[in-house]
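Here is the structure we will look at, set down as structure tokens.
The values are calculated or read from the model by the stated rules, or taken from the named source; none is laboratory data. Being a predicted model, the structure only gives us computed values, none of them experimental. Heads up, the Cβs are rebuilt from the backbone with ideal geometry, glycines too, and the neighbour counts pull from every protein chain shown. Surface accessibility is based on the protein's heavy atoms, side chains included, excluding ligands, DNA and RNA. Shrake-Rupley method; radii C 1.70, N 1.55, O 1.52, S 1.80 Å.
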Amino acid sequence: MTLLWIPLLSLLGSIISSRTGKLTRNQSTTLSLLMPVIALILTITLAPNVFAGAIFRESFSWVPLLGIDLAFRLDGLSILFVFMILGIGILVIFYARYYLSSNDSLPKLYAYLMLFMTAMLGIVMSNNVIQLWFFWELTSISSFLLISYWWHKPEARKGATMALTITGGGGLALLGGLLLLGDMVGSYNLDVILVSKELIQAHAWYEVSLILILLGAFTKSAQFPFHFWLPHAMAAPTPVSAYLHSATMVKAGIFLLARFYPALAGTDLWFILVSLTGLATLLFAAYVALFKHDLKGLLAYSTISHLGLITLLFGLDTKLAAVAAIFHIINHATFKASLFMATGIIDHETGTRDMRKLNGMWRFMPYTATLAMVAASAMAGVPLLNGFLSKEMFFAETLHQQLLGSMSWLIPVLATVAGALAVAYSARFVHDVFFNGDPIDLPKQPSEPPRYMRVPIEILVALCLVVGIFPNFVVDDILKAASTAVLGGYVPEFKVALWHGFNLPLLMSGFAVIGGLLLYTQRRHLFAFQASLPTVNAKQFFDDSVYNITKWCQHKINTIENGSLQRYLVVMFILVLFFAGWPLFEMSQLIGQNSATPVDMHNAIGAALLMFGAISTVIWYRSRVVSLLMLSVVGLMVSVAFTRFSAPDLALTQLTVEVVTIILLMLALFFLPQYTQKESSSTRVLRDLGISAALGIIVGSICYALITRPFESISDFFIANAKTGGGGTNVVNVILVDFRGFDTLGEICVLGIAALGIYKLLLNLPLLIPRSDSEGRPWAKERYPLLLESISQSLLPLALMVSFYIFLRGHNLPGGGFIAGLITAVAFILQYIAHGSNWIAQRLTINYRKIIATGIVIALSTGLGSWFFSRPFMTTWFDYFDIPLIGKTELASALVFDLGVYLTVVGSTLMILASLGKLTANEPKDGVHS
Amino acid sequence: MELLYAACVGLLVFCGVFLILRARTFPIVLGLTMFSYAVNLFLFASGRLSINKAAVLGYSADYADPLPQAFVLTAIVIGFAMTAFVVILAIRGRADLGTDHVDGEKTSQDKKVNV
Amino acid sequence: MMQHLSFLPILLPMLAGVTLLMPPFGSHKKIRRIASVTMSIVVFFASLALLLKVQTDGVVVYAIGDWSAPFGIVLVADALSTLLVCLTTLLGVVCTLYASAGDDEKGSFFHPLTHFLILGVNGAFLTGDAFNLFVFFEVLLIASYSLLMHGGDKKNTRAALQYVIMNLVGSAIFLIALGVLYGVLGTLNMADMAQQVSQLQGDDVYLAKIGGLLLLVVFALKGALLPLHLWLPNTYATAMPVVAALFAIMTKVGVYSMMRVYTLIFGDEAGELSHMAQSWLWWFALATIAVGAVGVLASKSLRKLTANLVIVSVGTLVALVAIQTVEASAAAIYYLIHSTLVTAALFLLADLIGRQRGKYTDQITAGHAIMQPRLLGCCFLVAAVTVIGMPPLSGFIAKVWLLKETLHANYAFVFWPLYLIASLAVLVGVTKAGVTLFWRHQNTVLANNEQQGVNLPQIIALLILIVAAPLMSIFAGPLSEYALGAASQLHDFNDNIDMILSGGQ
């Protein structure tokens, strides 16, 4: 459990400190410090064994199916990073307490900081690559929260978003790479991956996964050309910068290189990619750093350049290079953290970070100045300080590599140049700020900071010195342990020492120092030259590209989704055309084996009428009434067709539905324009004609292909069981109420819902009832024709009787609840038309909603009845009784079900038409449809 | 016979689709109705055509396939409900939008909102 | 009762819908709300019970009217369908609860219609009969039409017209497809169809193919798969958010139908027609992801953004379905649950945020400050991290899983870059939205009447969806096992056929 506790404790800390809002700042700080300190102690207890070469492992199963486990490991590399993360984390927490002004929430900062700490610990201790990515992304999220701590500042928002975008993108690449890696070796476990170097590097996917993983690493550790997010991340409070950009976030990328060094390194691709990226970053950033007027800006670029140095070291093809890299990781963490903190103090005490204003601080804060100067000289690589040692090693390695073949000498030269630049900007940091005349209109009167604010810096600077002077005592163990982890066992002999005698590296250092100082003294010309260069602003570029992409997307989307229903429909029809047409062409022949039945007179006439109706509907579609009439002709012919092809039920249904539909459309026309004006261009008409013709042909042919083929279906079962099983001779009706009664249940639901929906649509709809039609002819004054009134009244009882009869016979002869329902509805609608809805409303008050509900309930409960006989839903029952006077009668549960159907149909239809009718009943208002 | 039937179906589809592709609600409704006629006939025909066969037991030796008839009946009812709804929606649209035009020119809603 | 358990997810919503129309529920607002929410909770627990039953006793086949397949209609409750039914009913609970805060009174019949919609969706998930599937599609569609117009404005009407008309055409195409299939196979029971398909010869094969491909059009329309996705963004963005949240399940109905039809009927055993839709699905899916990602970047309001996220998720799902291996289907199942819940949550959040920004509503532009930034901010952070697919929430499991399963698919080298870039687009889009909505505001104070604080039912409803994300991540182990089981059940052809045609014995 011990390993798990290390990240867990810091997570706990995050939660605790987020709850300390009520306490004083000191209490909150102490509480927050508690957990990390415990974690640190825990790590220290483990340290000896790790230095002795032991690797601690722990794992808990999480998603075995995907090979995602919670697996932790603690080896030399991990423990090195754990120490940095916890150690510097603790110092930063302590420091932040004094840095943060009283109106900023301390607990919030602490909570985020320790969340971030947890994520970092997770990364360095992962033994499962997916888990590693998991924590990797967590750092992206938590760093987003940290950088945007002052979210009300635009630059904070921008910086945070940019950091998240770049590192998040890199994270995606990394995930890809890791998944590929896992797939290659067949496990996500690091133990397995680290030992299967040959397998991986022989694999076809090696290059892809390497590039993806490197993308992840380079974006995170701000390598050129992904560096630009880091300077903007400086919008964060200085403690955050001190943490993220010295020891942790940016080091995560470096850690990744170190972690996968045993598995991925050793190929030319690795060396070229890593070393050249590193070199480019090293030089470029060092150069830019020289011209930054903002202290944090300078430090930001120097950080980038040092990261470049470390990356370059990992890219050099000499064993010791990796060792040097690790050593520099430690040193950079210490001096950079202290420098950031010093900057924080200066900022805190003077209210500015602009080096053009900051001068002669020595007089105001000599103590801080001393600390800062020591740290800065460590950054420059001055002897007696840790920076010097690792730089010496770096120079030495650049001399041994054979990377660029005959041109390999370039690298040491460029390295020296970079060294010189480093000296130069360090010199500027020291000289510009602490000497160089008097301060220029500072916002605040500078003075030494509170005593304890300096403590963290003192500790770090002390470290710089100790490491610098007695390297062997301090860092040997951990350096060896870490190197063992990185180099996978074999570590070459190396000796970190202050004095190696006069040798080339020393000479290079000498050159660097002298060159750097020269550069600094001659900086005026340099600045002038730099000023003459066109400024390339990466941030601007980033913003613009994001903006342009967004604009492009919006344009594309607007062109695709232009809101034209016609276009959407055309797309769909074309798809149908293609899908239905393509197999047709694969068919050998359309016509099937059945012998064609001859055409008789009736059918011919019927067909002719139907075609006439259809075509004339299209021709006269603009004058809507005419087209409606023509449409009704078609409907009529369809029902005739049904009778002709022995489907009486269908015919009846079609007929009644037809009537109701036409009435509905007529009513609707009252509210819609009477005429459609011509608008679609001729080309458009041609296109539509083409599409519809093609569809017609395709569907027609499919239909033809079907009906000319012999056919086997399950229907015989229904015919066989209709009487015996369903108790009815009208097979269709039996299917509807029994075999497939469930469909009917759904169907009446649809009808009912539709009625509800329509009521909903028309409820208090602001409609202009035109006095006149579109031609300006006024509607007839006497609204209800007398003749119709009298007839309809006399018709009503008759119609009801008919529907009752139709209903009863339904089970055995064509008819049934649905048709009966529609007939009843029509009869009532007739009343509406004859007398207007007000007249009806006075005479019979029906709540259609209730009728619908009752209908469905009846149908439903008939179905449920069967449960009492522990049969499935809708198991029907019927029997024959001898009832006096009437004789032998059949009683079937299906009949009750049909009653439900009947009621629903009546209710829905009336509800639909009545709610539409109500509108017409309103008093005509002025206002004419255009 | 079969050919004639298929031709009718094809023609109905043709007319229906053409009307559906018009830019106003009412023709579209007509088109949908026509299209549903075609579809019903098509579905009906999937049980093959049978002239002078019985749909009710005890009237003839051989029967028309009852299952497609049941399907079509359900389809007709549902189609009726849908047509009713879309008609009313068209009216509502006319009232809300002041036009029965559904071809989306000048209708991209959120133009003014800046990014 | 236990024997009828698999029928309850259909019966109870229907009862609920109907009774809510009757007095006293029809008349009294308060009673109606309480009744509606309780009933949806009951349905949810019934579905849960069914899930457990299926877990213990295996697939349950319920022959309605005691007419066994293929003659009668059977309900098939297996691991997948019951899981989705549970998801649907959970959404039902959330939406009825959320709407009870006041949205339900912005138009008539909200609660009955919601229950009818759930009825339709559950039916579509459970039924084993193709024509019955059509009927339930119609039920859920007609309910969705009415809900779409709930408390609607002009924009809304325009979107509704498009949505309704397109779906009417879709239904017609569905009928044609059924006609063709019946005309060739002589049956519409899915299991029986599967058997018949495997025995087809000659030109009948191509007729069946037509049927299958036409079904693809229908399902693609329902599932908003490119190029038939065009109706979705406006429809979802203009619908009342609580309705949109409920609709989050509807695209999944289309995807589910694809899973069923193209693994069971046109699956491994279908001879010439096996996996006939696979390549279509794959490329359509990829295009859908691309367009969805573009839409995400282009979105100008949080609701539009979420609508486009729905499109991306559909694309991803269908890509997994198209691979048609057990593992891929398992990944699809997990992803389906995750994406449905998170998109629903985002719709609700868009609503709550919009209510507190006055006239700026949920538009992604600097506006008034939000009244409850802490509460909504935390919820949004969770939802955002989930939908982006970052750790530690369910999104990252889904992402890792689907990348893992697509790795060995044909043309993986197209899918991977596309998907990774799309994820980056989502990251950028969502981050921008969050930063703008919560952090960029003029320092103007709104009068209280312009701002509405979150009230209890709303926050409970939202939290149900929000907590799902961490839970799905913590219990990813058992969940993934379940998904795998469901997937293997889905792919086990013979088992399905025997089970269904023998009536579950």
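About its Cα centre, how strong a charge dipole does the stretch A:56-183 have in debye, to the nearest 20, once Lys and Arg get +1 and Asp and Glu get -1 at the Cβ?
The dipole magnitude comes to about 400 debye.
Considering only C:Val382, C:Ala483, C:Ala409, whose Cα is most displaced toward the positive end of the charge dipole of the stretch C:277-492, charges sitting on Cβ of Lys, Arg (+1) and Asp, Glu (-1)?
C:Val382
Roughly how big is the A-C contact, given as buried accessible area in Å² (both sides, 1.4 Å probe, nearest 100)?
10000 Å²
Can you figure out the FRET efficiency of A:Val625 with A:Trp877, using R₀ = 60 Å and their beta-carbon distance, to the nearest 0.05? Kindly include the intermediate steps, with their values, before the conclusion.
On the way: r = 50 Å, r/R0 = 0.84.
According to the calculation, E is roughly 0.75.
Helix A:682-707 against the longest principal axis of chain A: what's the angle in degrees, Cα atoms only, rounded to the nearest 10?
It works out to around 70 degrees.
Got a sec? What order do A:Lys495, C:Lys106 fall in by accessible area at 1.4 Å, biggest, i.e. largest, first?
Correct descending sequence by accessible area is A:Lys495, C:Lys106.
Return the sequence-ordered ³J(HN,Hα) values of the stretch C:6-19 in whole Hz as given by the Karplus equation 6.51 cos²θ - 1.76 cosθ + 1.60 applied to θ = phi - 60°, using x for Gly and Pro.
Once rounded to whole Hz, the list reads 6, 9, 4, x, 9, 5, 4, x, 4, 4, 4, x, 6, 5.
In what sequence, largest accessible area first, do B:Asp65, C:Asp498 appear using a 1.4 Å probe?
Values: B:Asp65 25, C:Asp498 90 Å².
Sorted descending by solvent-accessible area, the residues read C:Asp498, B:Asp65.
What's the extension gain from A:Val455 to A:Met407 if we count 0.36 nm per residue and subtract their Cα-Cα distance? If you can, show how the numbers build up before the last one.
Numbers: separation 48, 0.36 × 48 = 17.28 nm, distance 4.77 nm.
Roughly 12.5 nm would be gained on extension.
What net charge is computed for the residues neighbouring A:Ala485, neighbours being all others with C-beta under 11 Å from the C-beta of A:Ala485, Lys and Arg scored +1, Asp and Glu -1?
Taking every other residue near A:Ala485 into account, the sum is +2.
Can you tell which of A:Ile440, A:Leu736, A:Ala321 lies farthest toward the positive end of the dipole of chain A, using +1 and -1 charges on the Cβ of basic and acidic side chains (Lys, Arg; Asp, Glu)?
A:Ile440
Can you give the mean number of other chain Cβ atoms that lie within 10 Å of the Cβ atoms in peptide A:902-909?
Averaged over the peptide's residues, the number is 1.
Quick one: pull the percent of accessible area on chain A belonging to carbon and sulfur, 1.4 Å probe, ligands and nucleic acids left out.
That share works out to 69 percent.
Helix C:110-126 versus the longest principal axis of chain C: what is the Cα-based angle in degrees, 0 to 90, to the nearest 10?
The angle comes out near 30 degrees.
Suppose we take every Cα in the protein assembly as shown and form the convex hull; what volume per residue is that in Å³? Can you show the working numbers first?
Numbers: hull volume 301.5 nm³, N = 1550.
Residue-normalised Cα hull volume stands at 195 Å³.
Given a 1.4 Å probe and every protein chain left where it sits, what share in percent of the accessible area of the stretch C:277-492 is carbon and sulfur?
The nonpolar share, carbon plus sulfur, comes to 66 percent.
Report the local net charge at A:Asn26: Lys and Arg +1, Asp and Glu -1, summed over other residues whose C-beta lies under 15 Å from its C-beta.
+4
With +1 on the Cβ of every Lys and Arg and -1 on the Cβ of every Asp and Glu, and nothing else charged, how large is the dipole of the protein assembly as shown about its Cα centre, in debye rounded to the nearest 20?
Working: 90 positive and 82 negative charges, 1032 e Å.
Using only the charged Cβ atoms, the result is roughly 4960 debye.
What distance in nm separates the simple spin-label points at A:Ile272 and A:Arg687, each placed 7 Å from Cα in the Cβ direction?
With each label point 7 Å from Cα toward Cβ, the separation is 5.0 nm.
Residue by residue through the stretch C:93-106, which ³J(HN,Hα) values in whole Hz follow from phi under the Karplus form 6.51 cos²θ - 1.76 cosθ + 1.60 (θ = phi - 60°), with glycine and proline marked x?
Once rounded to whole Hz, the list reads 4, 4, 6, 4, 4, 4, 5, 5, 6, x, 4, 5, 8, 7.
Cut-off 16 Å, label point 7 angstrom out along Cα-to-Cβ of A:Ser59: give me the residues of the stretch A:116-150 whose amide nitrogen falls inside.
A:125-134
If amide H atoms are built 1.01 Å from N in the plane of the peptide, which residues on other chains or at least 5 residues away come under 5 Å of the amide H of A:Asn128?
Placed amide hydrogens put A:Ala71, A:Leu190 under 5 Å from A:Asn128.
List every residue whose amide H lies under 5 Å from the amide H of B:His101, counting only residues 5 or more places away in sequence or on a different chain, with H placed 1.01 Å from N in the peptide plane.
For B:His101, whose amide H was placed from the backbone, there are no distant partners under 5 Å.
Over 21 Å between Cα atoms, which of A:Lys551/C:Lys222; A:Lys357/A:Lys391; A:Lys251/C:Lys399; C:Lys30/C:Lys154; A:Lys760/C:Lys29 qualify?
Cα-Cα > 21 Å for A:Lys551/C:Lys222; A:Lys357/A:Lys391; A:Lys251/C:Lys399; C:Lys30/C:Lys154; rest within.
Need one number: % antiparallel among DSSP beta bridges in the protein assembly as shown, to the nearest 5.
95 percent
What does the helix-only formula give at 222 nm for chain A: each DSSP H stretch with n ≥ 4 adding -39500 (n - 2.57), the total divided by the residues, and the result rounded to the nearest 500 deg cm²/dmol?
Details: 35 runs with 645 residues, N = 930.
Calculated at 222 nm, the ellipticity per residue is -23500 deg cm²/dmol.
Can you pull the one-decimal nm distance between simple spin-label points at A:Tyr490 and C:Ala287, each 7 Å off the Cα toward Cβ?
5.6 nm
Which ³J(HN,Hα) values in Hz, rounded to whole numbers, follow from the phi angles of the stretch A:71-77 under the Karplus curve 6.51 cos²θ - 1.76 cosθ + 1.60, where θ = phi - 60° and Gly and Pro get x?
Once θ is set to phi - 60°, the couplings for the stretch A:71-77 become 10, 10, 9, 10, 10, x, 4 Hz.
Return one number: the angle in degrees, 0 to 90 and rounded to the nearest 10, between the long axis of the Cα atoms of helix A:106-125 and the longest principal axis of the Cα atoms of chain A.
So the inclination is approximately 80 degrees.
Can you find, among A:Tyr520, A:Tyr367, A:Ile758, the residue farthest towards the positive end of the dipole of chain A? Put +1 on the C-beta of Lys and Arg, -1 on that of Asp and Glu.
About the Cα centre, the residue reaching furthest to the positive side is A:Tyr367.
If we count every other residue with Cβ under 15 angstrom of C:Tyr206's Cβ, Lys/Arg +1 and Asp/Glu -1, where does the sum land? Please list the in-between numbers first.
Values: positive: A:Arg709, C:Lys209; negative: A:Glu586, C:Asp203, C:Asp204, C:Glu272.
Combined, the nearby Lys, Arg, Asp and Glu give -2.
How much accessible area is lost when chains A and B come together, counting both sides, with a 1.4 Å probe, in Å² rounded to the nearest 100?
Chain pair A/B: roughly 8900 Å² of buried accessible area.
What are the residues whose amide H is under 5 Å from the amide H of A:Val382, where those residues sit 5 or more places off or on another chain and H is modelled from the backbone?
For A:Val382, the qualifying residues are A:Phe388.
Could you state the accessible area per residue of the protein assembly as shown in Å², with a 1.4 Å probe and every protein chain left in place?
Accessible area per residue: 33 Å².
Under a crude label model (7 Å from the Cα following the beta-carbon direction), how far is A:Val37 from C:Ile34 in nanometres?
Distance between label points: 5.6 nm.
Of the candidates B:Phe14, B:Phe44, B:Phe85, which one comes out as most mobile in a Gaussian network treatment of chain B with C-alpha springs shorter than 10 Å?
Of B:Phe14, B:Phe44, B:Phe85, the Gaussian network model singles out B:Phe85 as fluctuating most.
To the nearest 20 debye, what charge dipole does the stretch C:1-82 have about its Cα centre, counting +1 at the Cβ of each Lys and Arg and -1 at the Cβ of each Asp and Glu?
The dipole of the stretch C:1-82 has a size of about 600 debye.
Among B:Leu19, B:Leu67, B:Leu30, determine the one that fluctuates most according to a GNM of chain B built with springs between C-alpha atoms less than 10 Å apart.
B:Leu67
So, taking all protein chains as they sit and a 1.4 Å probe, how much accessible area belongs to A:Lys760, in Å² rounded to tens?
Approximately 20 Å² of A:Lys760 is accessible to the 1.4 Å probe.
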